[in-house]
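Student: Pasting in a structure now, in structure tokens, and then I'll have a few things to ask.
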Amino acid sequence: MFPLPVATPLDRRSVLKVGFGGLAALAGGTSRGGAVKGRAKTVIFLHQWGGPSHHDTIDPKPDAPDNIRGELGVLQTRVPGALVSDLLPNTSKIIDKVCQIRSLHHTMANHNSAGYYSLTGVAPATDDQRLRDSRDLFPAYGAIADRFAPTPAGIPGFVAFPHTIADGSITPGQHASFLGKRHDPLFVGQDPNQAGFKLPELALPASITPERLARRGEARKIIERQLGDLEQTALARGLGEQYDRAHALLASPRVREAFDLSREPDAIRDRYGRTTYGQSCLLARRLAEAGCRWIQVYLHPSIGGAKGGWDTHGFRGEKMYPILKNHLLPLMDQTLPTLLLDLEERGLLENTLVVWVGEFGRSPKINDLAGRDHWPKCYPALLAGAGVKKGHIHGRSDKIGAYPASDACKPEDISATLFHLLGINPATEIRDPLDRPLALSPGKVIDGVLA
Amino acid sequence: MGNLLIPLILHACALGPGTDSVSFRNEVMPLLSQGGCNSGPCHGNLNGKGGLKLSLRGEDPGLDWKTLTHGVGGRRVNPLEPDESLLLSKASGKSPHEGAVRWKTDGHAYRLVRQWIAQGAQPDPEGGPRVRSLRVEPEEIILPPGGGILRPKVTAIFEDGKTVEVSLLATLEPSDPGIRVSLEGDRPALVVPAGSQAAVLARHGSAQALLRVWSSAGPSKVARPASHPVDRIVGQRLASLGIEPAGGVDDGHFLRRVWLDLAGQLPPAARTRAFLTDRNPEKRANEVDFLLAQPAFADLWALHWADLLRVEEKTLDPKGVRAMHGWLRRAFLENMPLDELARQLVTARGSTYSQPPANFYRALRDPQTRAEAVAQVFLGVRIACARCHNHPFDRWTTEDYNAFTEIFSGIDYKVLENKRADDLDKHEFKGEQIVYLRRGPAEAPQANGKKPKPPAKPATPARVLDGKSALESPDRPQALADWMTEPGNPFFAKAQANRVWRRLMGRGLVEPEDDFRLANPASHPELLEHLADFLTRHRFDLRALARHIALSETYARGMDTAHAPATQDDGMCAASLPRPLPAEQLLDAWAGVLESPLEFGGYPAGTRTLEVAGIPGPSRRRKSDDMERFLRVFGKPERLLSCDCERTSDPTLAQTLMLVSGQLPQRLLTQSARLDRLARTAPGAAVEELYLAALCRMPTNREVADCVKLLEGPGNRRLALEDLAWALLGSREFLLRW
């Protein structure tokens, strides 16, 4: 019915003669720019929802006018030029282990748009507070880490806890989106500070004893003897692999024990503080020990409030300085230094990268309600551990902390740096649902922070 | 060298404006595309690369000429020392180039571009020869089983009718990434691996032509005679490619398949038993007719369309969700023709509570979203890319996009009330809305009471896709509905027929089902024509088409060793395509086999998941119950996109953990009325009943023996039954529709 081929049959000699240049090399999810050797085996990402003020934390401006300096005093640290707020005494003692970036900036002034940006390194098209999570938005950092730097079977790559963050609608950027559900985080929505904290998926229902689990497996084998050709298909094989992985996970004590905080001595639990966030930081350390790749800790489900995130406008009579003094700063001062010292003592800090950052910062000028408003134009991040300089400041803010004075950088530069440190080439391409080729990070690796 | 010069000179004569000058538009620009220079990952990127920004895929030759000749102080092109031009030194790798070597110095591209530069890097004069269309030869080819190398001939046809061969200038883009394009040698070559059924798009400037590559599995055969048109068409194609289709499935397999595909559930064990022993040669056709008459068929299609039409609670509010879903269900119960369904949705107006189709526009709240959704859902076309730039893979320009969007600019809302629970969430609407068509342009609210400013630039006149002229009627949605559903509309019938095929066969003839374009042709073009024609002739009767497909041998095909390991997702329909059960069907299957209750808030007892209008989206204000969690883990979409792709069913660890250690599956086992009954039955009979209910087949003797042994083992019989039931309901034979 159709004309016979005019083509040459494909044989080895013709293949060698023809060569393989051209467009084909550009198609598909290929890595470009060569392989990257990673320094970090684990990233602990401490997401500071609400947007911390640098004036009141790690980049205070004691010489600025009153309405910029604020109420707090400062402490010296071992790093020349690095001051911290006087309500962060423990933090002042570990500044020499940390690399500060003081010059982050972007243009998203709303929590959900900036939040999505801070969780994916990709700016949304508009500064839309209504930004709604859907499959055409960019994947979470941890999903990318799970996809491109996977962990061995039985160890979850991307773990996130203990809240889902939202401001009105659920903030996009917390899931794998178009990378596929298999890279969604292992999400634990329970409070690690509660007794009886455990991971539901990794615990069999009480009535299923190991013997019954084994009997179920045996029975499935009996039935699947009849699978025949179906077993050869990619789909059936994939399902079979998932069963193996599930059993490995259930059988492996490592991950289950990591979640069992009752195994941790009380003294250590007290050191982190008996708060949800404190115990979450402890859990993060335990999961780093278990070998997870990306551990995402959310400070609080809400942006602000008396016991919430960093969003201290002063609205609704909730004044900023009492919240900072009674809640946010003590919480930060108890958790961050403890986590870093704990990791260091256990020899984990060399291979673990800790990141502390929010979605934006807060305004230099104190507003009419004695609070500070959103300020994405200049805000800080802290990095510590694998592959980053110790006791270093990269990028300064200006005299009043309003704009970057040097080495300005953006959230995508942070993401490029984090991927780079994990051994993932940030220029690697993935395809979105519209089949557009997108790089894992559109930013540039910040060489200035690399050790 | 002499050999190559002649074609080059010939090119120059025909393509350039003068006697031997190289044309920028007709020769240099295509070479920039061929080399990949202006592609999205490279200089066609939004931000360009390395300081050079070219128009994406060469859509703006005028701008690119300026960029190349005037940029970087004129160093990109150097007519006095052509080889020093950055354009050449970078592309040849002489200067460091992140894009590596695109044009070898002894290749045709380098030489031609060099010649253009040496001639002064001139732009094309006004009125210079323009390419009207492109032809590729062969248009279609069958390759032998081992694959092959193709060197297609590409010819440009100019506006004045002249033809010139442009094989050396054209870009070749295969739909199968396994096909390599080689630019070495005397003509670009396609290296096609074994078994590739692909389409290759040839491009020159904005002209495109398609080359269809078929791979044969062996020498062509004589097609077996077939009475069903679907079988005849598919059979002829497979025979011409020497592909032997797999055999048909046995009765039990067929029964399970057709119940899932037409009713979204498993047949009762008693019915299966009867079917297996029935001698009536018409039993399969009778079963199809029985199922088409069930309300479950309407539920299945209402669910599918509710997904596509974004019927979700936050925007529509729970009352609107019920109203819309109820309307869809009634439409499918009454067998509303698909063109009428489309018409009612597109022209919908009124209160979202009392005129349910108005919820279509309640969900799609701006003209761009409406335009993209209508194109996707009704016409099978994805135009979203053209919002910002001319569509890279298809023919839609930004002007087409704007003109189509303009059809929907007059739709507006009277929000009668909005009792949203969260003040900050502007996506949330709770309360009645009226959808209406505005007469005249939108008026921006003016706080100071002054007259509204006219819009900054005049709107593109409204025009349907592929339309030659602007719509005249003031009721544009009505005009759109007329155009969409008129006989001869090139999009609607094919898109809907393809959708029905996809629901039954697991893969559209065009896949994805909303991505019809030149470079993504149907796997069986004649079959698509036939199905579209059938649907049109039967006045868009959904059941008629479903019946037509379900009664074919192609539908009843199984798989065998020859077809199993190969990439089956080639749309050749030589074997069945296994796919996971959708979330709702899986939950209903578990609850149905076990005879366990599922309780959906706000619905009467005994409601199946398939019948539920929608589940609330994930929210922090309320905890999801374990059924919602189960459904989400198994891919039930949130209905935020107008695309079936939102329902993801890739097997994940979370799904497996849900089955192995999840609360809901275990609860269903514990509360199972069937297992309670079977605990008092003889083990052999219990095993048989479970196999019939879950897998629609009798257990083999060996299976009976082994399962009975398991049941009679130590411990509680009821718990042993649970474990056996779990294994059946977790086996791959159960979890897949195959």
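Student: Could you check region B:136-189 for strands (runs of 3 or more DSSP E) lying wholly inside it with 1 or more residues that are more than 7 Å from chain A (Cβ to nearest Cβ) and under 26 Å from the mean Cα position of the chain (by Cα)?
Tutor: B:171-174
Student: Return the only residue of B:VAL154, B:VAL222 being among the β-branched types (Val, Ile, Thr), in contact (Cβ under 8 Å) with a residue 40 or more places away in the chain, out of contact with any helix residue (DSSP H, G or I) (no Cβ under 6 Å at 6 or more places or on another chain) and not assigned by TED's automatic domain parsing to the domain that holds B:VAL101.
Tutor: So the residue among B:VAL154, B:VAL222 that is among the β-branched types (Val, Ile, Thr), in contact (Cβ under 8 Å) with a residue 40 or more places away in the chain, out of contact with any helix residue (DSSP H, G or I) (no Cβ under 6 Å at 6 or more places or on another chain) and not assigned by TED's automatic domain parsing to the domain that holds B:VAL101 is B:VAL154.
Student: Filter region A:156-186 down to the residues that are closer than 11 Å to A:ALA140 by Cβ and outside any loop (DSSP other than H, G, I, E, B), then identify the one that is farthest from the other protein chains (Cβ to nearest Cβ).
Tutor: Checking each candidate, the answer is A:ALA160.
Student: Could you grab me the full set of residues in region B:190-230 that are among the polar types (S, T, N, Q), in a loop (DSSP other than H, G, I, E, B) and more than 10 Å from chain A (Cβ to nearest Cβ)?
Tutor: B:SER196, B:GLN197, B:SER206, B:SER227
Student: Looking at B:GLU98, is it among the charged types (D, E, K, R) and either touching a residue at least 12 places away in the same chain (Cβ under 8 Å) or under 25 Å from B:CYS385 (Cα atoms) (or both)?
Tutor: yes
Student: Can you tell me which residues in region B:603-614 are of a type outside the set (S, T, N, Q) and free of Cβ contacts under 8 Å to residues at least 40 places away in the same chain?
Tutor: B:TYR603, B:PRO604, B:ALA605, B:GLY606, B:VAL612, listed by residue number.
Student: Show the residue pairs that are 6+ apart or on different chains and have beta-carbon atoms under 8 Å apart, the first residue being within region B:634-661 and at positive phi, the second being part of a helix (DSSP H, G or I) and at pLDDT 90 or above.
Tutor: Listed pairs, sorted by first residue: B:GLY635/B:ALA583; B:ARG639/B:ALA306; B:ARG639/B:ASP307.
Student: Taking the conditions exactly as written (within 27 Å of A:ASP63 (Cα to Cα) and not in a strand (DSSP E or B)), does A:LYS307 satisfy them or not?
Tutor: So A:LYS307 does not fit the description; no.
Student: Checking the condition surrounded by fewer than 22 Cβ atoms within 10 Å (Cβ to Cβ), closer than 30 Å to B:ASP261 by Cβ and charged (D, E, K, R), which residue from B:ASP466, B:ASP533, B:ASP475 passes?
Tutor: B:ASP533
Student: Can you tell me which of (1) within 20 Å of B:LEU610 (Cα to Cα); (2) in a helix (DSSP H, G or I); (3) within 7 Å of another protein chain (Cβ to nearest Cβ); (4) not aliphatic (A, V, I, L, M) is the one B:THR648 doesn't meet?
Tutor: Exception for B:THR648: condition (2).
Student: A further question on this structure: Could you check A:ARG132 against (1) within 19 Å of A:TRP310 (Cβ to Cβ); (2) within 14 Å of chain B (Cβ to nearest Cβ); (3) not aromatic (Phe, Trp, Tyr) and say which number it fails?
Tutor: For A:ARG132, the failing item is (1).
Student: Could you please let me know if A:LEU239 is more than 7 Å from chain B (Cβ to nearest Cβ) and part of a helix (DSSP H, G or I)?
Tutor: The answer is no for A:LEU239.
Student: Shifting gears a bit: Identify, from the list B:ALA497, B:ALA575, B:ALA522, the residue that is crowded, with 20+ Cβ neighbours inside 10 Å and either within 14 Å of chain A (Cβ to nearest Cβ) or more than 18 Å from the chain's Cα centre (by Cα) (or both).
Tutor: Answer to the check: B:ALA575.
Student: If you go through region A:336-365, how many residues are surrounded by fewer than 24 Cβ atoms within 10 Å (Cβ to Cβ), part of a loop (DSSP other than H, G, I, E, B) and hydrophobic (A, V, I, L, M, F, W, C)?
Tutor: 2
Student: Something else: Quick one: A:SER92 ticks every box in (1) at pLDDT 95 or above; (2) over 18 Å from A:LYS444 (Cα atoms); (3) in a loop (DSSP other than H, G, I, E, B) bar one, so which box is it?
Tutor: It is condition (3) that A:SER92 fails.
Student: Can you list the helices (runs of 4 or more DSSP H) found entirely within region B:448-558 that contain at least 3 residues being within 29 Å of B:PHE332 (Cα to Cα), assigned by TED's automatic domain parsing to the domain that holds B:ILE407 and modelled with pLDDT of 90 or more?
Tutor: Result: B:476-485.
Student: Would you please name the residue that is nearest to the other protein chains (Cβ to nearest Cβ), looking only at residues in region B:664-677 that are surrounded by fewer than 15 Cβ atoms within 10 Å (Cβ to Cβ) and farther than 16 Å from B:ASP588 by Cβ?
Tutor: Checking each candidate, the answer is B:ASP676.
Student: Select from region B:261-291 the residues that are out of contact with any Leu (no Cβ under 7 Å at 6 or more places or on another chain) and not in a loop (DSSP other than H, G, I, E, B) and list them in ascending order.
Tutor: Scanning region B:261-291 gives B:ALA270, B:ARG271, B:ALA274, B:LEU276, B:THR277, B:LYS283, B:ARG284, B:ASN286, B:ASP289, B:PHE290.
Student: Further question on the same structure: Among B:LEU710, B:LEU695, which is within 13 Å of another protein chain (Cβ to nearest Cβ), in contact (Cβ under 8 Å) with a residue 40 or more places away in the chain and closer than 14 Å to A:ARG220 by Cα?
Tutor: So the residue among B:LEU710, B:LEU695 that is within 13 Å of another protein chain (Cβ to nearest Cβ), in contact (Cβ under 8 Å) with a residue 40 or more places away in the chain and closer than 14 Å to A:ARG220 by Cα is B:LEU695.
Student: Here's a follow-up. Do we have B:ARG667 as assigned to a helix (DSSP H, G or I), of a type in the set (Lys, Arg) and touching a helix residue (DSSP H, G or I) at 6+ places or on another chain (Cβ under 9 Å) here?
Tutor: So B:ARG667 passes the test.
Student: Restricting the search to region B:614-645, which residues are more than 21 Å from B:LEU668 (Cα to Cα), at pLDDT 80 or above, more than 9 Å from chain A (Cβ to nearest Cβ) and part of a loop (DSSP other than H, G, I, E, B)?
Tutor: Once the filter is applied, which keeps residues that are more than 21 Å from B:LEU668 (Cα to Cα), at pLDDT 80 or above, more than 9 Å from chain A (Cβ to nearest Cβ) and part of a loop (DSSP other than H, G, I, E, B), region B:614-645 yields B:GLY614, B:PRO616, B:ARG639, B:SER642.
Student: When the residues of region B:678-692 are narrowed to those that are within 17 Å of A:ALA219 (Cα to Cα) and not hydrophobic (A, V, I, L, M, F, W, C), which ends up nearest to the other protein chains (Cβ to nearest Cβ)?
Tutor: So, considering only residues that are within 17 Å of A:ALA219 (Cα to Cα) and not hydrophobic (A, V, I, L, M, F, W, C), the one nearest to the other protein chains (Cβ to nearest Cβ) is B:TYR691.
Student: Moving to a separate point now. Which of the residues that make up region A:101-130 are part of a helix (DSSP H, G or I) and under 30 Å from A:LYS389 (Cβ atoms)?
Tutor: A:ALA114, A:GLY115, A:TYR116, A:TYR117, A:SER118, A:LEU119, A:THR120
Student: Of the conditions (1) within 14 Å of chain A (Cβ to nearest Cβ); (2) in contact with a Pro (Cβ under 8 Å, 6 or more places away or on another chain); (3) hydroxyl-bearing (Ser, Thr, Tyr), B:TYR401 clears all except one; give me its number.
Tutor: Tallying (1) within 14 Å of chain A (Cβ to nearest Cβ); (2) in contact with a Pro (Cβ under 8 Å, 6 or more places away or on another chain); (3) hydroxyl-bearing (Ser, Thr, Tyr), B:TYR401 fails exactly one: (2).
Student: Now for a different question. Restricting region A:408-445 to residues that are basic (Lys, Arg) and under 27 Å from A:PRO380 (Cβ atoms), which is surrounded by the most Cβ atoms within 10 Å (Cβ to Cβ)?
Tutor: Among those residues, the one meeting the criterion is A:LYS410.
Student: Return the total of residues in region B:643-663 being under 13 Å from A:ALA203 (Cα atoms) and surrounded by fewer than 20 Cβ atoms within 10 Å (Cβ to Cβ).
Tutor: Of the residues in that region, 1 qualify.
Student: Out of all the residues in region A:60-108, which are in contact (Cβ under 8 Å) with a residue 60 or more places away in the chain, of a type in the set (Ser, Thr, Tyr) and touching a helix residue (DSSP H, G or I) at 6+ places or on another chain (Cβ under 8 Å)?
Tutor: A:SER85, A:THR91
The values are calculated or read from the model by the stated rules, or taken from the named source; none is laboratory data. On a predicted model such as this, the values are computed, not experimentally measured, just so you know. Positions of Cβ are generated from backbone atoms using ideal geometry, with glycine treated the same way; all protein chains shown enter the neighbour counts.
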